[in-house]
Amino acid sequence: MKSVVAANGQLRAAIMASDTAAAATAANNMAAGFDKMVPFWKAKNADDAVKFATTARDAAKAVAAATSIADMQAAARNVNPNCGGCHMAHRDGAPGSFSIK
């Protein structure tokens with residue numbers, strides 16, 4: 001999950017810099033990170049978390065496939081709500097000491 005956070009920061013920076021190549025790379029890295037989350041959440045029988053991860057993965061893939069910064073920005077808006085929804089449902093603690101519920 002931490003790799004997705006790093007990739008999200010890279011994506012935001014690339015979009016701000018209007019660097020479509022860097023944004024696509026970051027989005028692909030995010031998608032790969034979300035792919036790794038799916039079996040983790042399946043093993044915990046957390047169907048909602050699996051859906052959050054797959055939806056966020058698909059949104060990240062849409063960012064990577066976009067050909068303009070404007071389209072990348074629009075697609076990126078579909079990633080973070082899934083992160084937040086999963087965090088609200090499955091994360092406890094405070095920064096520096098988060099745990100999974």
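Things to note:
- Computed over protein heavy atoms with a 1.4 Å probe, the accessible surface of the chain works out to 57 Å² per residue.
- Summing +1 for each Lys or Arg and -1 for each Asp or Glu among the other residues whose beta-carbon sits under 12 angstrom from that of residue 64 gives 0.
- Expressed as a whole percent, the accessible surface of the chain that belongs to carbon and sulfur atoms is 57, based on a 1.4 Å probe.
- Long hydrophobic helices in the chain, taken as whole DSSP H segments with a C-alpha length of 20 Å or more on their own axis and mean Kyte-Doolittle hydropathy at least -0.5: 2-16, 20-43, 47-65.
- With the whole protein complex present, residue 42 retains an accessible surface near 120 Å², based on a 1.4 Å probe.
- Approximate spin-label separation residue 68-residue 22, in nm, with each point projected 7 Å along Cα-to-Cβ: 2.2 nm
- Taking Cβ atoms as reference points and 14 Å as the exclusive limit, the residues near residue 2 contribute a net charge of +2, counting Lys and Arg as +1 and Asp and Glu as -1.
- Magnitude of the charge dipole, the chain, Cβ model with Lys/Arg +1 and Asp/Glu -1, debye to 20: 240 debye
- Summed side-chain charge close to residue 44 - residues other than residue 44 whose Cβ falls under 15 Å, Lys, Arg +1, Asp, Glu -1: +2
- The count of lysine pairs in the chain with alpha-carbon distances below 16 Å, taking only pairs 8 or more places apart or on different chains, stands at 8.
- Ordering of 16-23, 69-76 by burial proxy (mean other Cβ atoms within 10 Å per residue, highest first): 69-76, 16-23
- When the helices of the chain are scored as -39500 (n - 2.57) per DSSP H run of n ≥ 4 and the total is divided over every residue, the value at 222 nm lands at -25000 deg cm²/dmol.
The values are calculated or read from the model by the stated rules, or taken from the named source; none is laboratory data. Remember, it's a predicted structure, so these values are computed and weren't measured experimentally. Glycine also receives a Cβ, built like all others from the backbone with ideal geometry; neighbour counts cover every protein chain displayed. Note: areas computed on protein heavy atoms with side chains; ligands, DNA, RNA excluded. Shrake-Rupley method; radii C 1.70, N 1.55, O 1.52, S 1.80 Å.
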